[in-house]
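Below: one structure, written as structure tokens.
The values are calculated or read from the model by the stated rules, or taken from the named source; none is laboratory data. Keep in mind that this is a model prediction, so the values were computed, not measured. Don't worry about glycine lacking a Cβ; one is built from the backbone with ideal geometry, like all the others, and counts go over all protein chains shown.
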Amino acid sequence: MIRVLEQERTFHLITARTSMILHAMPSGHLISLYWGSRVEDDAFSCIAKDLKRASYLSGTDGIKNFRLEQYPVLYPSWGNPDLRKPAFQFSYEDGSQMTDLRFFGYREYQGKKKLEGLPSVLNEEAQCLELILRDSISGVEVTLTYGVLESYDAITQSVNVTNGNQVAMQIERLMSGCFSFLEDQYDAITLNGAWARECHENRQRIRQGSFCVESLRGASGHGQNPFLALAEPGTEEDKGNVWAMNLIYSGSFEACVEVDMHQNTRFMMGIQSFGFSWRLEKGESFVSPEVVMIHSGQGLGAMSGSFHRLYRECLLRGTDAGRTGRKSPILINNWEATYFNFDKRKLLELADEAVKLGMECFVLDDGWFGKRNSDESSLGDWTENRKKLGGSLSELAEEIRSRGLLFGLWFEPEMVSPDSDLYRSHPEWAIQVQGRPMQLARNQLVLDVSCKEVQDYIIESVDRILKEVPVSYVKWDMNRNITEWNSCFLQKDRQKELGHRYILGLYRILEELTGRHKDVLFEGCAGGGGRFDPGMLYYMPQIWTSDDTDAVERLDIQLGTSYVYPSVAMGCHVSACPNHMIGRITPLSTRGLVAMQGNLGYELDLTSLGEEEKQEIHRQTDLYKQIREIIWNGKLYRLKKEGNERAFLYISEDGSKGVVSFVQILAKPNTVPKRLKLNGLKPDALYRVERVGETDSMVVHGSFLMNLGLDLKRPQGDFHGEQWLLYREENFSTCHTGE
Ligand code: DGJ
């Protein structure tokens, strides 16, 4: 809901549990008055009047004691006379760099509009507010668009710039979201890591100065996720205030927090400004990506809950959770089973075992095209290698399907190998600075996806295969970042547009292909989680969370990822031991338990397993089929997330079922296992609790499970896992009236 107080020029954006209050001051400057737990009052403009004056700040508009720099400016410019880091920066043909935005008007409407060429949250019930700002001297108009998604406790923001009457102007910086607080006591929570150890939670106190997470890689990257939250110190899973932003964008980004001289905090997120500049001719507009802003007054668990529900219902397309009727199948992927070394016989043997063990989709990974038997050639040549496949790809797919499995296929369409027919015929299609050496990463170059001809080539090559071959699942990989920032197709004064144009080109390709092949489930991948962001999730409702398949490392990768992204979006596989990446040996049951926290799959040589291992895998696929709806659509409680233990509870949407998973990482001698307390249950409802793998069950109240908890076994070794299923016993429920 949006309440507008015309006279006060105040805008109250209200969700079920939160309020955001924005205000246009008499000077026309927009300020942010409040964002937090829901308040019923609207008349907040008194806060602006009550702000006390600070010294050594420039005056504003000649008004006595009015110093803009001490105000929580909503969408600040640089100078004019606020000298903190601005939300945007434009430069004009005469070399000037000043823009003075003042409130011009507003518009309200229902239903979120699609952002042109960009992914965004979609919801017809959302209330939208456009705040229009103008600079009277340059004629530039900036519109801040807010979407209020009441039942999700989410607010979105994007920014539109229109060049009204300048011959041309440059956008040098344009944040999608900006909010200022009149406090400075916050912890910054970010998701950091590297290839194979993505999305580890990182929490640190912010102090006067700037704190940033960002990417300059042309992709959101393995190192830092486009997510940043500010939490009051002491905020935990189920208590405390937290304010989060997540950018729906897959390219270079920045997220910054600045604590100024007077203990105010400015929080911004948008496209990375370094290396970015966009030329806007007269009459043209530019639209920023959308940022999702979520406040929770009940801790990090509720913050994640809002993100998960919002993304499942308003962002992800093509999954069951996205309400289109599609289910993510249990996969067998041949990558860690064979790498490049396979033939038809081996693939069919794997498929035969996979069916017996309850798997549902066979994914043929890298190495099926051109002459690719290593990572040294053929990217770009998307023609099947009939010799290696012992026939056509269609024949192979049909044979797999005749066994009762769906068929999935790997592509890496944004890349080209120097040793490829594509590169030989179109060397200019690779991103490069002519006359300088081209750096290789994994022996490959990046195609210039900013160029329409390249986009069309990618669309047509993938489309041709998807039309010819019965493919139900596509794994879309991307294994290197851009290093030579230059395009053979852009004019020299537009080279800094390359990064954003690449992403717009990629989104056009994905819009086209996912639109033409609505029945295909696309999985995103960028060397694992190198582009795990809501932009990719809009087109590809699941992403390969990490190339790391070691169950212990995965615990924290998946835990961090779960801060923002729902489990239905995470690809999680069981692989062989010793783990190929770090040599760790973990029990198969624990590997299964960890991979069940997302979309379960397997990538190991099933033909070399012993009988006991096969039985265990069969048990896992049976169990997962029973619980996956709860994992995909349920509410997540991170019960233990530090030290030697991890525990997760999912409760189904209607509260009637639950799945508890616990891992003790290292065994400790002479210690007594404690009990595992649950959360989120109805205290006075009865639950039947079944320990997975045992026939006995017990029936106890929710209050028992939450206050005394479940009995943990004594681990018999490292990496010990346990699981339980919960069923609410409707007939025995002793609900109080009024509940
Ligand atoms: C990187 C991916 O993340 C892996 O799963 C695998 O598909 C390889 N690429 C194949 O080259």
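Taking every residue in region 533-551 that is closer than 20 Å to T514 by Cβ and part of a loop (DSSP other than H, G, I, E, B) and pairing it with any residue that is aliphatic (A, V, I, L, M) and away from the ligand (no atom under 14 Å from the Cβ), at least 6 positions away or on another chain, the pairs with Cβ-Cβ distances below 6 Å are P541/L316. Considering only residues in region 441-490 that are within 15 Å of the ligand (Cβ to nearest atom) and surrounded by fewer than 17 Cβ atoms within 10 Å (Cβ to Cβ), the one that is farthest from the chain's Cα centre (by Cα) turns out to be N443. The set of residues in region 362-374 that are of a type outside the set (G, A, S) and either crowded, with 22+ Cβ neighbours inside 10 Å or closer than 13 Å to N341 by Cβ (or both) comprises F362, V363, L364, D365, D366, W368, F369, R372, N373.
Scanning for something touching an Asp or Glu at 6+ places or on another chain (Cβ under 8 Å) and either under 17 Å from K657 (Cα atoms) or among the aromatic types (F, W, Y) (or both), does region 624-631 turn up at least one residue? Looking for residues that are touching an Asp or Glu at 6+ places or on another chain (Cβ under 8 Å) and either under 17 Å from K657 (Cα atoms) or among the aromatic types (F, W, Y) (or both), one finds at least one in region 624-631, hence yes. How about region 85-117: which of its residues are modelled with pLDDT under 95, basic (K, R) and either under 28 Å from Q70 (Cα atoms) or surrounded by fewer than 15 Cβ atoms within 10 Å (Cβ to Cβ) (or both)? K113, K114 - these are the residues of region 85-117 that are modelled with pLDDT under 95, basic (K, R) and either under 28 Å from Q70 (Cα atoms) or surrounded by fewer than 15 Cβ atoms within 10 Å (Cβ to Cβ) (or both).
The single residue among L506, L513 that is away from the ligand (no atom under 14 Å from the Cβ), surrounded by 24 or more Cβ atoms within 10 Å (Cβ to Cβ) and modelled with pLDDT of 95 or more turns out to be L506.
Looking across region 575-589, just one residue is in a loop (DSSP other than H, G, I, E, B) and buried (at least 21 other Cβ atoms within 10 Å of the Cβ), and that is T586. In region 1-83, counting only strands (runs of 3 or more DSSP E) that sit wholly within it, none holds 1 or more residues that are out of contact with any strand residue (DSSP E or B) (no Cβ under 7 Å at 6 or more places or on another chain) and buried (at least 18 other Cβ atoms within 10 Å of the Cβ). Taken residue by residue, region 603-618 has at least one member that is touching a residue at least 12 places away in the same chain (Cβ under 8 Å) and under 24 Å from the mean Cα position of the chain (by Cα).
Candidates R628, R531: the one that is within 14 Å of the ligand (Cβ to nearest atom), among the basic types (K, R) and over 16 Å from F719 (Cβ atoms) is R531.
For region 590-615, what are the residues that are crowded, with 20+ Cβ neighbours inside 10 Å and either more than 24 Å from T561 (Cβ to Cβ) or among the small types (G, A, S) (or both)? Result: G592, A595, G598, G601, L606.
Within region 642-683, the only residue that satisfies the criterion of being more than 18 Å from L623 (Cα to Cα), small (G, A, S) and free of Cβ contacts under 8 Å to residues at least 24 places away in the same chain is G643.
Restricted to strands (runs of 3 or more DSSP E) entirely inside region 249-345, those with at least 1 residues that are of a type in the set (S, T, N, Q) and either within 22 Å of the chain's Cα centre (by Cα) or more than 26 Å from S19 (Cα to Cα) (or both) are 285-287, 290-296, 331-333.
Of all residues in region 231-247, those that are on the phi > 0 side of the Ramachandran plot have Cβ atoms under 7 Å from Cβ atoms of residues that are surrounded by 15 or more Cβ atoms within 10 Å (Cβ to Cβ) and assigned to a strand (DSSP E or B), 6 or more apart or on another chain, in G234/G240; G240/A231. In region 142-163, the residues that are on the phi > 0 side of the Ramachandran plot form Cβ pairs under 8 Å with partners that are assigned to a strand (DSSP E or B) and crowded, with 24+ Cβ neighbours inside 10 Å, at six or more places apart or across chains, as follows: D153/T18; D153/I294; D153/H295; D153/S296. Please work out if A667 is assigned to a strand (DSSP E or B) and surrounded by 14 or more Cβ atoms within 10 Å (Cβ to Cβ). So A667 fails the test.
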